[in-house]
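This report refers to the structure that appears directly beneath it.
The values are calculated or read from the model by the stated rules, or taken from the named source; none is laboratory data. Because the structure is a prediction, the values reported are computed rather than measured. Positions of Cβ are generated from backbone atoms using ideal geometry, with glycine treated the same way; all protein chains shown enter the neighbour counts.
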Amino acid sequence: MQTETRLLFIRHGRTQANQSGTLQGQLDTQLDSLGVEQARALAIALRRRRDAQSSHRRQLVCYASDLQRAMRTAELVADELGLPRVEPLAAMRERNLGRFQGLTERQAREAFPEDWDDFCRGVKVPGVETSRELAARAAAALELVVTAHIGATILVFSHGGTIHAAVSRLVANVRVPPIGNCSVTELVCDDGGWRANAIGDLSHLPAELIDGGATVGWASRNVD
């Protein structure tokens with residue numbers, strides 16, 4: 001029985017709010033045209049890597065934050081892979097940023113200077129989810145998903161802040177770089193706990209589709 005479970009943690013494609021520097025949080029925004037292209041390029045890369053491993057293919061399942069930008073990214077990938085369903089998972093939503101949502105950082109700082117200062121220092125702001133709260137809900141949800149699909153490859157489509165917080169909680173002594181749009185973070189869970197094979201990788205995207213972020217060596221690894 002295969003007990004090693006692989007988790008591909010994928011950030012959604014770009015939105016107009018990403019481009020403008022607007023804090024989205026749990027606002028339900030949609031992919032822009034570049035975001036759709038990013039998702040399609042990712043889908044092709046994942047399908048090619050899966051097909052290359054056809055002789056020992058694992059079960060493949062797909063979950064996504066129920067916010068539109070994550071669900072749409074997941075649906076484009078699922079269609080390419082021939083997966084029948086994307087399971088919505090509200091616990092994979094982005095951090096709830098409360099009154100800061102819909103503002104740029106500069107606007108938030110000017111409109112709510114004391115709250116913004118507290119937020120940046122990690123002090124609890126009413127109506128705003130703390131990084132610790134975010135990490136706890138995301139990590140707990142991932143543990144349940146992995147328990148339900150031991151030995152599978154699990155695609156989980158989520159958000160930059162959520163991915164950063166969950167990886168920091170689950171993987172010991174790991175530095176989490178910027179999580180770019182449609183980047184892949186590959187985690188493995190087995191009897192020894194969690195480890196990271198790659199974090200925030202964008203090497204599967206053509207250069208013209210990369211809108212910021214960082215790359216690490218995921219391209220040489222197979223996706224099954």
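Only a single criterion out of (1) in contact with a His (Cβ under 9 Å, 6 or more places away or on another chain); (2) exposed (fewer than 15 other Cβ atoms within 10 Å of the Cβ) is not satisfied by Ala90, namely (1). Of all residues in segment 97-122, those that are farther than 15 Å from Gly21 by Cβ have Cβ atoms under 8 Å from Cβ atoms of residues that are among the hydroxyl-bearing types (Ser, Thr, Tyr), 6 or more apart or on another chain, in Gly122/Thr130; Gly122/Ser131.
Checking the stated criteria, Thr29 turns out to be assigned to a loop (DSSP other than H, G, I, E, B) and closer than 22 Å to His164 by Cα. Restricting attention to segment 35-89, the residues that are under 13 Å from Phe157 (Cβ atoms), small (Gly, Ala, Ser) and not in a loop (DSSP other than H, G, I, E, B) total 7. Scanning segment 201-218 for residues that are modelled with pLDDT of 90 or more and either touching a helix residue (DSSP H, G or I) at 6+ places or on another chain (Cβ under 7 Å) or under 13 Å from Gly13 (Cα atoms) (or both) yields Leu202, His204, Leu205, Pro206, Leu209, Ile210.
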